[in-house]
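Take a look at the structure set out below.
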Amino acid sequence: MRCPFCAHDDSQVKDSRPTEDNTAIRRRRQCSSCGARFTTFERVQLREITVVKSNDKAGEPRREPFDRSKIEQSATLACRKRGIEREKIDQLVSGVQRQVETSGEAEVSSRMIGELVMEGLRQLDSVAYIRFASVYRAFNEARDFEEFAGAVREISKG
């Protein structure tokens with residue numbers, strides 16, 4: 001495993017343990033060159049998934065390999081300063097990844113992935129849900145937030 005600090009190609013595993021939800025192995029590693037310690041995660045990948053991104057301009061939609069880290073980054077940003085445990089975010093991301101991989105499709109739309117993330121955030125934290133929705137659904141005005149937050153409030157009451 002390449003060291004993220006010095007880019008040396010060799011590191012030693014110092015400790016391995018399963019994550020809390022048993023969907024990955026967490027490994028503590030030490031670089032044999034600079035001595036820096038870092039953490040890696042090993043996860044099962046059922047199949048290669050291609051994400052089909054909608055194209056705003058006329059023409060073919062873009063395709064790119066599924067990248068778990070993009071979901072992780074978006075969910076983490078939405079949950080920032082909300083006091084949500086890292087494990088809960090990892091569980092959300094793992095759940096989305098599992099749903100995508102078990103869908104049986106080789107190509108999955110970015111829209112479907114966005115909806116899965118929104119559903120997970122809705123169950124986790126209403127503020128994080130609204131934050132993610134504001135970017136995902138491209139809110140342009142304060143009214144967009146008000147309407148969406150009102151709908152979230154109604155769902156929470158019911």
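The values are calculated or read from the model by the stated rules, or taken from the named source; none is laboratory data. Remember, predicted model here, so these are calculated numbers, not experimental data. Heads up, the Cβs are rebuilt from the backbone with ideal geometry, glycines too, and the neighbour counts pull from every protein chain shown.
Within segment 3-27, how many residues are assigned to a loop (DSSP other than H, G, I, E, B), hydroxyl-bearing (Ser, Thr, Tyr) and either at pLDDT 95 or above or touching a strand residue (DSSP E or B) at 6+ places or on another chain (Cβ under 6 Å) (or both)? Can you show your working first?
Let us first name the residues in segment 3-27 that are assigned to a loop (DSSP other than H, G, I, E, B), namely 3-10, 19-23.
Within this subset, residues satisfying the condition of being hydroxyl-bearing (Ser, Thr, Tyr) are 19, 23.
After this cut, where a residue has to be either at pLDDT 95 or above or touching a strand residue (DSSP E or B) at 6+ places or on another chain (Cβ under 6 Å) (or both) as well, the list is 19.
Number satisfying all stated conditions: 1.
How about segment 41-158: which helices (runs of 4 or more DSSP H) wholly inside it have at least 2 residues that are more than 30 Å from residue 26 (Cβ to Cβ) and without any contact (Cβ under 8 Å) to a residue 12 or more places away in the chain? Break it down into steps so the answer makes sense when it comes.
On the way: elements: 68-79, 86-101, 110-124, 126-136, 142-157.
Fully inside segment 41-158 and qualifying: 142-157.
Going by the conditions given, is residue 25 farther than 15 Å from residue 114 by Cα and either under 14 Å from the mean Cα position of the chain (by Cα) or of a type in the set (A, V, I, L, M) (or both)?
Judged against the criteria, residue 25 is a match.
Could you tell me how many of the residues in segment 30-45 are at pLDDT 90 or above, in contact with an Asp or Glu (Cβ under 9 Å, 6 or more places away or on another chain) and within 25 Å of residue 92 (Cα to Cα)? Steps first, please.
If we filter segment 30-45 for residues that are at pLDDT 90 or above, which is where we start, we get 30-40.
Among the residues that remain, those that are also in contact with an Asp or Glu (Cβ under 9 Å, 6 or more places away or on another chain) are: 31-33.
Subset that is within 25 Å of residue 92 (Cα to Cα): none.
Number of matching residues: 0.
For residue 91, state whether it is in the same structural domain as residue 53 (by TED's automatic domain parsing), buried (at least 18 other Cβ atoms within 10 Å of the Cβ) and out of contact with any Leu (no Cβ under 8 Å at 6 or more places or on another chain). Write out each step before concluding.
On the way: in the same structural domain as residue 53 (by TED's automatic domain parsing): yes; buried (at least 18 other Cβ atoms within 10 Å of the Cβ): no; out of contact with any Leu (no Cβ under 8 Å at 6 or more places or on another chain): yes.
So residue 91 does not fit the description; no.
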